[in-house]
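The values are calculated or read from the model by the stated rules, or taken from the named source; none is laboratory data. Bear in mind the structure is a predicted one, so any value in this text is a computation, not a measurement. Cβ: placed from backbone, ideal geometry, glycine included. Neighbour counts: every protein chain shown.
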Ligand SMILES: Cc1ncc(COP(=O)(O)O)c(C=O)c1O
């Protein structure tokens, strides 16, 4: 591709960029080839040394001497994501949880402390609260709606603040700007799990976070057929994460990178539609007195204000806090849905439902469910929203 064409693509709007990027002009194909390689063949020993020298000088330039470092297929994906995140660089990992681990492993050492949002994704809670303890890394949890609990938890040993926004299953939105200013004042690094909004709706690095995690398994791939993760970083932490990535070998393979690149071409179109569909379903659900909607929809709530302050849109994942003395009727409501699949993960084209049991929220200190409150999670997919609403309506007859 000529430099002037590259320059034009890089300066076009993101929607246009996603449609035109990664074309293989050499082979005249719309999509890039999947380059699978363990060994990378060089023309000579001098060529190897030259490539290694280039990699040392420019570690984000795509100069590889071994397959574990990536190939042109993973490099293309990293370039696209770096533009989407407006970050210094993006590392890609075999799963979203790999990105969670890489972020924490990169910047914490025995004796350090980390502060974590109370309603994080439950495996992140297990990793920080239980596993890291064995390595003498202490975790304290803060209340996302009371940042005094965050300030109080800071000690001289605090290395990292781990934010997930919105909270997993509870969908509480936080004052992200305030968290960043607390962290900066105390010289603490920050990371945000941005899987719900993706950088299409919010760019954490631009906001001031040092690292930003997305499970590419969800909206990036969009078709429920691949796993992957991304960790966007600022220049400040780049070397630390690069070292940790090399030591752990946590890198995405080329076939998965290809599928995620393919999914990304329609990220904007799909997310726009998830948002429209979810809004229609939310409007319908908000009329039901037994249901408190956990979605940035009601204008007079703190969650709505915090969402509006930082996000340009909302994705398709929402919670329904249901008040009922009859748990069997909640189960029957969920089990009577016909268009919704029952299963974990989300972010694909299809609608999903889950009745969240104790283990998804149980260990939390704040924002617990009260007696007779139940949590149902919906992922609103790309089906016709009229059909989804009709389905929910018939299932709601069972809710007592
Ligand atoms: C918010 C969030 N972060 C991280 C992950 C982990 O991603 P993966 O399943 O790709 O490992 C998930 C998975 O559900 C998630 O919901």
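Summary of values
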{"read-out": "Residue selected from the range 330-358 under the condition more than 16 Å from the ligand (Cβ to nearest atom), in contact (Cβ under 8 Å) with a residue 60 or more places away in the chain and surrounded by 18 or more Cβ atoms within 10 Å (Cβ to Cβ), by the criterion farthest from residue 225 (Cα to Cα)", "value": "330"}
{"read-out": "Which listed residue is more than 16 Å from the ligand (Cβ to nearest atom), over 25 Å from residue 310 (Cα atoms), modelled with pLDDT of 95 or more and more than 13 Å from the chain's Cα centre (by Cα), from 112, 175, 146", "value": "112"}
{"read-out": "Considering residues of the range 156-168 that are crowded, with 23+ Cβ neighbours inside 10 Å and part of a loop (DSSP other than H, G, I, E, B) only, the residue nearest to the ligand (Cβ to nearest atom)", "value": "168"}
{"read-out": "Qualifying residues in the range 311-337 (those that are closer than 30 Å to residue 201 by Cα and in a loop (DSSP other than H, G, I, E, B)) - the one nearest to the chain's Cα centre (by Cα)", "value": "315"}
{"read-out": "Given (1) crowded, with 20+ Cβ neighbours inside 10 Å; (2) more than 15 Å from the ligand (Cβ to nearest atom); (3) in contact (Cβ under 8 Å) with a residue 24 or more places away in the chain, number of the condition residue 230 does not satisfy", "value": "(2)"}
{"read-out": "Hey, residue 97 in contact with a strand residue (DSSP E or B) (Cβ under 9 Å, 6 or more places away or on another chain), more than 19 Å from residue 154 (Cβ to Cβ) and touching a residue at least 60 places away in the same chain (Cβ under 8 Å) or not", "value": "yes"}
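Conditions (1) buried (at least 19 other Cβ atoms within 10 Å of the Cβ); (2) without any contact (Cβ under 8 Å) to a residue 24 or more places away in the chain; (3) in a helix (DSSP H, G or I), marked per residue:
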position: 63; (1), (2), (3): no, yes, no
position: 76; (1), (2), (3): yes, no, yes
position: 81; (1), (2), (3): yes, no, yes
position: 84; (1), (2), (3): yes, no, yes
position: 91; (1), (2), (3): yes, no, no
position: 101; (1), (2), (3): yes, no, yes
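Let's see how each residue does on (1) part of a helix (DSSP H, G or I); (2) modelled with pLDDT of 95 or more; (3) in contact with a strand residue (DSSP E or B) (Cβ under 8 Å, 6 or more places away or on another chain); (4) under 21 Å from residue 61 (Cβ atoms):
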| residue | (1), (2), (3), (4) |
| --- | --- |
| 226 | no, yes, no, no |
| 231 | no, yes, yes, yes |
| 244 | yes, yes, no, yes |
| 252 | no, yes, yes, yes |
| 257 | yes, yes, yes, yes |
| 262 | yes, yes, no, no |
| 268 | yes, yes, no, no |
| 279 | yes, yes, no, no |
